[in-house]
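The values are calculated or read from the model by the stated rules, or taken from the named source; none is laboratory data. These numbers come from a predicted model, not from an experiment. Positions of Cβ are generated from backbone atoms using ideal geometry, with glycine treated the same way; all protein chains shown enter the neighbour counts.
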Amino acid sequence: MAASTPEQLEKTFHAVEAEGSSKPGAIRRRILPESALDVFTEVRFPTREWALLVNSTEDLQDRDLILASGLVCRTRGGSVEVVAGPETDRFLFCTLLSDLVQQLRVPTAAPTTALVRRLNAWRKMLDRGLPTGLTPEARVGLFGELVALREVLLPAIGPAGITAWVGPAAAPKDFIHFSTSLEVKTVSRRDSNRCRISSEHQLDTDTEENLYLVHQVVSSSQNGVSLADVVDELRGDPRVQPELSWFENCLLEAGWLDTHRDQYANERYAISRRQCFYVGEGFPRVTAGDLPPEVSGVTYLVDLSRCGAYRVDEGSVRSSVARAGKAEE
């Protein structure tokens, strides 16, 4: 079976399924013959399960990982098995399979370990309910984080900026580099001075020495760039290459799939303003320590037009991030 698009994979699986019968058994096809791993697709009878099998000699912890209803990943020894039951969305499974095969083509010393990390990223994305594409708000948010990564983090700390990107994994801040954190908020022009904080933990500084709020105003522009443009640019950036696997997993956890890029093709953005604020003593915020134990999940708005006393220039943010790494050396 040739590894290709989700549509072609689904068609091929159905064709293999049509070859089977009601008797117990399986039809297996080798894929990625150029790989050092043994990689197969399989259709099982009479259950009509579809599966991806990857065999290697790596030492993996035995575990079962539920990705979605009827979609399970199992690791046994050095082998990984991804199985879709007949009740599973077949196209979703083939989208997953296409992505995993693409990941297996990326050279790495521990391919099945990387594959399990990728499956964990899929689980997080599916838990957030994003398999059919990003909402408009989520697209703008991801665009803003990627631009901040490109223009603030990478110039300051290079490849370490990629591993500092932890927001997609549900961390309380978008970027954490040792003792310095950045929370990135990207809004439209109509909300240019309003900053929505989505929890009492986002601007809490109990675990950081320095926290910066990076507030960006984005507008639609024919002369701007698309979300896919920024993704592709960063993928090709030499500073991203050493941590490309981390970057790809963050994209997936954030809800980005290459199969959705056509949905976003006509949207082009431009950052019309970026302001940085130091979140310290006196900055208007609500933190967990301000709330009684019975209250949580607080969302509130900060009027940044009244926060001029806390503004800092972008260079100061880069310098603070760079110093945080040097202090740990």
Quiz item: In the stretch 102-132, which residue that is among the charged types (D, E, K, R) and closer than 13 Å to W246 by Cα is farthest from the chain's Cα centre (by Cα)?
Solution: R117
Practice problem: Could you list, in sequence order, all residues of the stretch 131-140 that are surrounded by fewer than 20 Cβ atoms within 10 Å (Cβ to Cβ) and assigned to a loop (DSSP other than H, G, I, E, B)? | Solution: P131, T132, G133, T135
Quiz item: Cβ-Cβ below 6 Å, separation at least six or inter-chain, first residue in the stretch 75-95 and more than 14 Å from H14 (Cα to Cα), second of a type in the set (S, T, N, Q) and in a strand (DSSP E or B): which pairs?
Solution: S79/N55
Exercise. From (1) at pLDDT 90 or above; (2) more than 30 Å from A109 (Cβ to Cβ); (3) not in a helix (DSSP H, G or I); (4) not hydroxyl-bearing (S, T, Y), pick out the condition that doesn't hold for K23.
Key: (1)
Quiz item: Quick check: anything in the stretch 137-145 in contact with a strand residue (DSSP E or B) (Cβ under 9 Å, 6 or more places away or on another chain), among the acidic types (D, E) and over 30 Å from L182 (Cβ atoms)?
Solution: no
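Identify, from the list S188, S192, S181, S198, the residue that is assigned by TED's automatic domain parsing to the domain that holds T287, at pLDDT below 95 and more than 25 Å from R268 (Cα to Cα).
On the way: S188 fails: more than 25 Å from R268 (Cα to Cα); S192 fails: more than 25 Å from R268 (Cα to Cα); S181 fails: at pLDDT below 95.
Selected residue: S198, the only one of S188, S192, S181, S198 that is assigned by TED's automatic domain parsing to the domain that holds T287, at pLDDT below 95 and more than 25 Å from R268 (Cα to Cα).
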Exercise. Could you tell me which of the residues L32, L37 is at negative phi, surrounded by 13 or more Cβ atoms within 10 Å (Cβ to Cβ) and modelled with pLDDT of 85 or more?
Key: L37
Quiz item: What number of residues in the stretch 101-130 are assigned to a loop (DSSP other than H, G, I, E, B) and either surrounded by 18 or more Cβ atoms within 10 Å (Cβ to Cβ) or hydrophobic (A, V, I, L, M, F, W, C) (or both)?
Solution: 4
Quiz item: Taking the stated definitions as given, is R285 among the charged types (D, E, K, R), surrounded by 14 or more Cβ atoms within 10 Å (Cβ to Cβ), under 25 Å from the mean Cα position of the chain (by Cα) and at pLDDT 95 or above?
Solution: no
Quiz item: Say we look at the stretch 234-246 and pick out the residues that are outside any helix (DSSP H, G or I) and not small (G, A, S); which of these is nearest to the chain's Cα centre (by Cα)?
Solution: V240
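Determine whether V152 is in contact with an Asp or Glu (Cβ under 8 Å, 6 or more places away or on another chain), β-branched (V, I, T) and either under 13 Å from W246 (Cβ atoms) or not assigned by TED's automatic domain parsing to the domain that holds E248 (or both). Talk me through it step by step, then tell me what you get.
Numbers: in contact with an Asp or Glu (Cβ under 8 Å, 6 or more places away or on another chain): yes; β-branched (V, I, T): yes; either under 13 Å from W246 (Cβ atoms) or not assigned by TED's automatic domain parsing to the domain that holds E248 (or both): no.
Considered against the rule, which asks whether it is in contact with an Asp or Glu (Cβ under 8 Å, 6 or more places away or on another chain), β-branched (V, I, T) and either under 13 Å from W246 (Cβ atoms) or not assigned by TED's automatic domain parsing to the domain that holds E248 (or both), V152 comes out as no.
Look through the stretch 141-195, keep the residues that are in a strand (DSSP E or B) and charged (D, E, K, R), and return whichever of them is farthest from A121 (Cα to Cα). Spell out the reasoning first.
As a first pass, look at the stretch 141-195 and keep what is in a strand (DSSP E or B): 165, 175-177, 180-188, 194-195.
Applying the additional criterion that residues be charged (D, E, K, R) yields 183, 185, 194.
On the way: E183: 21, K185: 23, R194: 32 Å.
Result: R194.
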Quiz item: In the stretch 158-178, what count of residues is obtained for those that are over 15 Å from the mean Cα position of the chain (by Cα) and aliphatic (A, V, I, L, M)?
Solution: 2
Quiz item: Among the residues of the stretch 224-233, is there at least one that is hydrophobic (A, V, I, L, M, F, W, C), over 30 Å from A109 (Cα atoms) and assigned to a helix (DSSP H, G or I)?
Solution: yes
Quiz item: When residues of the stretch 273-300 are filtered for being closer than 30 Å to L154 by Cβ and part of a strand (DSSP E or B), how many remain?
Solution: 6
Self-check item: the stretch 301-312, subset touching a Pro at 6+ places or on another chain (Cβ under 9 Å) and exposed (fewer than 15 other Cβ atoms within 10 Å of the Cβ), residue farthest from G282 (Cα to Cα)
Solution: D303
